[in-house]
Amino acid sequence: MELRQLRYFVEVAEREHISEAAEHLHVAQSAVSRQIANLEDELGTPLFERVGRNVKLTPIGKVFLEHCITALKAIDFAAKQVEEYLDPAKGTIKVGFPTSLASYVLPTVISAFKKQYPDVSFHLRQGSYKYLIDAVKNRDLNLAFLGPVPSKDEAIDSMILFSEKVHALLPANHPLAQRDRLNLTDLRKENFVLFPEGYILHKVAVDACKSAGFVPNVTSEGEDMDALKGLVAAGIGVTLLPESSLYDSTPRLTVKKAIDNPNITRTVGVIHPTNRELGPSEKVFLEFISTFFSRLNQFV
């Protein structure tokens, strides 16, 4: 059994079409068909069945696919560790992040890191709170920035980097726009624009309002940070956002207001797996992150 056969098998299984898989692999269709046939002969059972012009996995093919993906990830990770062991300063780091950390925190950290390690490259993957946690658990990622930081469990470890306040974002022409600071109850009769239910910042905002004695009237939702800011700028409603998402990027026609009561904060940090070792470059990056924010926090 060859690695090439396993990679061809996974590609065909995911695309359900041999010619499309061959095109993506940049090889002849006959080469893919031959390797799949050799694999099936070695295993002693069909892995695919033909359905018109497409192919579908057999029941045992689905089982084999799951184990193939796990095995290939482990092999790719092992090869990456060998490469980085030879030179950790030239490795590749795959990092996950949520939209709320995309505009300031992530670029700031990576920019500072690249000044010391200019030859390290990054693959960045944006995702929801749950997606990033699952990705670390399932070997898709080894490092992910998150806010708030989830509780440690048997599969993930976490490191809190800093805590930040949650602010109100109002249209510039809002009656409360001239106030220096607000109580959250000042917004109890306002229309809110929030992330959809299931997003962690939706929960942060709703929980904060409930702690102030009211349930927010959510009239519009958006899955993107810039979309929410745009809705506020258009006068559709008000929102609650972490302070770091508004650094250097408070949009025109809006104003940012601190909230005195209740004091709404969230933690921001990084998670990594407990059941596998980080690559050499990832270890260097994690240590850099810890030192970088420890120094920043000394001046806060």
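Give the carbon-plus-sulfur fraction of the accessible surface of the range 42-85 in %, rounded to a whole number; probe 1.4 Å, heavy atoms of protein chains only. So the carbon and sulfur contribution to the accessible surface is 61 percent. Could you state the accessible area per residue of the chain in Å², with a 1.4 Å probe and every protein chain left in place? Dividing the accessible area of the chain by its residue count gives 52 Å². Considering only 242, 178, 231, the residue lying farthest towards the positive end of the dipole of the range 162-266 is 178, judged by Cα position with unit charges set on Cβ. Evaluated with a Cβ-only charge set (Lys, Arg +1; Asp, Glu -1), the chain carries a dipole of roughly 820 debye about its Cα centre, given to the nearest 20. Summarising the strand pairing of the range 162-266, around 55 percent of its internal DSSP beta bridges are antiparallel.
Take every pair of alpha-carbon atoms less than 8 Å apart whose residues are at least six positions apart; their mean separation over the length of the chain yields a relative contact order of 22 percent.
Give me the percent of DSSP beta bridges within the range 7-158 that run antiparallel, rounded to the nearest 5. The answer is about 35 percent antiparallel.
With both residues required to sit in the chain, DSSP beta bridges show an antiparallel share near 60%. When only Cα pairs below 8 angstrom with a gap of at least 6 residues are kept, the range 98-183 shows a relative contact order of 23 percent. Scan (i) 38, 30, 17; (ii) 42, 38, 17; (iii) 45, 25, 16 for the value of semi-axes √(5λ) of the Cα gyration tensor in Å calculated from this model and give just the label. Read-out taken from this structure: (iii). The angle between the Cα long axis of helix 200-211 and the longest principal axis of the Cα atoms of the chain comes to about 30 degrees, rounded to the nearest 10. Dipole size of the range 112-151 about its Cα centre, with +1 on Lys/Arg Cβ and -1 on Asp/Glu Cβ: approximately 40 debye, rounded to the nearest 20. The charge dipole of the range 142-245, taken about its Cα centre with unit charges on the Cβ atoms of Lys, Arg (+1), Asp and Glu (-1) only, comes to about 480 debye.
Could you look at the range 162-266 and say what percent of its accessible area is carbon and sulfur, using a 1.4 Å probe and all protein chains? Looking at the range 162-266 in its full context, I get 45 percent from C and S. Across 64, 97, the residue with the most accessible area heads the list, and the full order at a 1.4 Å probe is 64, 97.
Taking amide H atoms as placed 1.01 Å from N in the peptide plane, the amide H of residue 253 has no partner under 5 Å among residues 5 or more positions away or on other chains.
The values are calculated or read from the model by the stated rules, or taken from the named source; none is laboratory data. These figures come from a predicted structure and were not determined experimentally. Please note: Cβ atoms are built from the backbone with ideal geometry, for glycine as well, and neighbour counts cover all protein chains shown. Keep in mind that these areas ignore ligands, DNA and RNA; they rest on the heavy atoms of the full protein, side chains included. Shrake-Rupley method; radii C 1.70, N 1.55, O 1.52, S 1.80 Å.
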